[in-house]
Amino acid sequence: MSEAFPNDQLEAVARTIAELREADAVRLTQFKVELLGRKNGRLTQILRSLSTLPPDERRAVGQRANQLKREVEEAIAAREKELHTGAKSGVAADLSMPGRQVWRGAIHPVTAVIDEICEIFRELGFSRVTGPEVETEEYNFTKLNIPLDHPAADMQDTFYLSPGVLLRTHTSPVQARTMERYKPPIRIVVPGMVYRRDAFDASHSPVFAQIEGLAVDEGITFVEFKAALDYFAKRFFSPDTTVRFRPSYFPFTEPSAEVEVQCQMCKGGGCATCQYTGFLEIMGAGMVHPAVLENCGIDPERYSGYAFGMGPERITMLRYGIPDIRMLFENDMRFLQQFAE
Ligand code: PHE
C-alpha cells in the first residue's frame with residue numbers, strides 16, 4: 001500500500017500535463033501553484049518526502065519525480081509562450097485562410113451621387129456652397145418672384161415654424177443669398193435638404209435632397225444653359241444619352257424648362273418607369289428671371305444667367321433602378337451594403 005502511494009500520486013501529476021498544455025492564462029497560474037508551489041505543491045511534497053521512503057524505493061520515485069518536474073516546467077514555459085504570442089504549437093498557420101472582413105462603413109448612395117454631380121459641375125467652374133434649412137418667406141418666396149398669394153407658394157405646401165419663418169421648400173433661396181453677397185461672375189451648386197408637406201410613399205418624402213445650380217455673368221445665353229446641362233447629363237449618365245428640354249413654368253426663371261434624359265431602363269424604347277414616353281425628367285431649370293436679379297441687387301441689363309434644381313434621390317433611383325424612395329431613408333444594411341465598395 002505505502003509502496004503504491006507515491007507512484008499513484010506521480011501518475012496523477014503526469015496526467016495533468018495534457019490538460020496543462022491547453023490551459024488558459026488563469027488556469028496555468030493555478031497549475032504552477034498546485035504542482036510546484038514551495039509549500040503545498042504536489043511535486044514539491046513528493047520530493048520532500050523522499051527521505052521517508054525505503055532506500056530501494058527512494059531512488060526510483062526520486063528519478064520519476066524529478067523527470068516529471070522537468071516536464072511540468074517545460075510544459076508551463078511552452079504554454080506561456082504560446083499564450084503570449086498567440087501561436088499554437090504544432091499547427092502551422094494557414095496562409096490561404098481568408099481574412100475576417102471588417103465592416104468599415106460606406107458612403108450613402110445619395111451622398112455619393114450628390115458628390116459626383118457637384119464634381120461634374122466643378123469641371124465647368126461651379127463652386128459648392130450651402131445655405132440654411134430654416135428660411136424666411138422672403139428668401140424662400142418673395143425674392144424669387146413668388147408672391148405669397150401666388151399658387152406656387154401654396155403649391156409647395158410649406159412647414160412653417162413661426163409666422164414668416166419656415167423650413168425651406170427648395171434650395172433656390174441660396175440663389176438669392178449668393179447673389180446678394182457676391183458680384184458676378186457667379187457659378188455655384190448647392191446641395192441640401194428641403195421640406196414639403198408631402199406623403200411618405202414610394203415616390204414622395206416630406207424631406208428630400210436637392211441640388212441647386214446658378215450661373216450669372218455677362219453674356220450668358222440660352223445656348224450656354226443648354227450646353228452645360230447637356231454636358232452634365234452625358235457625363236453623369238452616358239455619352240450617348242439624349243437630353244430634351246420641354247417648356248415649363250417657374251416664377252423665378254423665364255423661359256423655364258423641364259430637362260429630361262432618355263430613359264435609362266428602356267433606352268428610350270418606352271417602359272413602365274418612363275410611362276412609355278422614353279424620357280425621364282431630371283430637373284427644373286431656366287434663365288434667371290430679370291426680376292430675381294434685380295431683387296438681389298444685380299443689374300439685369302448687364303447680367304444674365306441660368307438656374308436649375310434637381311432631386312438626387314430621384315436621380316439615384318433612376319441610375320440604380322431603385323423602385324421606392326423609402327429604401328433610401330430606411331438605412332437597412334442589406335440594402336445599403338450593395339452600394340459599398
Ligand atoms: N426650385 C424648383 C423646385 O424646387 C426647381 C428649380 C430650380 C427650377 C431652379 C428652376 C430653376 O421645384
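The values are calculated or read from the model by the stated rules, or taken from the named source; none is laboratory data. Here the structure is a predicted model, which is why all the values come from computation and not from measurement. Because the Cβ atoms are built from the backbone with ideal geometry, glycine has one as well, and the counts that use them run over all protein chains shown. Only protein heavy atoms, including side chains, enter the accessible area calculation; ligands, DNA and RNA are left aside. Shrake-Rupley method; radii C 1.70, N 1.55, O 1.52, S 1.80 Å.
Points worth noting:
- Along the range 6-13 the Karplus relation, 6.51 cos²θ - 1.76 cosθ + 1.60 evaluated at θ = phi - 60°, assigns HN-Hα couplings of x, 5, 4, 5, 5, 5, 5, 5 Hz to successive residues, with x for each Gly and Pro.
- Cysteines in the chain that lack a partner Cβ within the 4.7 Å cut-off: Cys118, Cys296.
- Taking 1.306 mPa s as the viscosity and 10 °C as the temperature, the Stokes-Einstein diffusion coefficient of the chain based on its alpha-carbon Kirkwood radius rounds to 60 µm²/s.
- Amide H contacts for Ser248 (H built 1.01 Å from N in the peptide plane; partners 5 or more residues away or on another chain; cut-off under 5 Å): Ser256, Ala257, Glu258.
- Restricting the calculation to Cα atoms, every distinct pair contributes to the Kirkwood radius of the range 169-227, found to be 13.3 Å.
- Summing +1 for each Lys or Arg and -1 for each Asp or Glu among the other residues whose beta-carbon sits under 15 angstrom from that of Asp240 gives +3.
- The local environment of Gly41, defined by Cβ-Cβ distances under 13 Å, has a net charge of +4 under the rule Lys, Arg +1 and Asp, Glu -1.
- Surface exposure of the range 69-143, expressed per residue as accessible area with a 1.4 Å probe, stands at 70 Å².
- Estimated dipole of the chain in Debye, rounded to 20 [Cβ of Lys and Arg +1, of Asp and Glu -1, Cα centre]: 1960
- Using θ = phi - 60° and Karplus 6.51 cos²θ - 1.76 cosθ + 1.60, couplings along the range 297-311 (whole Hz; Gly, Pro as x): x, 10, 6, x, 6, 9, 10, 9, x, 9, 9, 8, x, 10, x
- Dipole of the range 109-339 [Lys/Arg +1, Asp/Glu -1 at C-beta], most positive-end residue of Ser172, Pro255, Ala227: Ala227
- Within the accessible area of the chain (1.4 Å probe), percent carbon and sulfur: 53
- The range 62-69 - phi-based ³J(HN,Hα) in whole Hz, Karplus 6.51/-1.76/1.60, Gly and Pro as x: x, 4, 5, 5, 5, 5, 4, 4
- Cα lying deepest toward the dipole's positive end in the range 100-246, options Ser162, Pro147, Ile117, charges on Cβ: Ile117
- Cβ-based charge dipole, the chain, positive-most Cα from Thr136, Asn40, Val61: Val61
- Only helical runs count toward this figure. For the chain, summing -39,500 (n - 2.57) over DSSP H runs of n ≥ 4 and dividing by all residues gives -12000 deg cm²/dmol at 222 nm.
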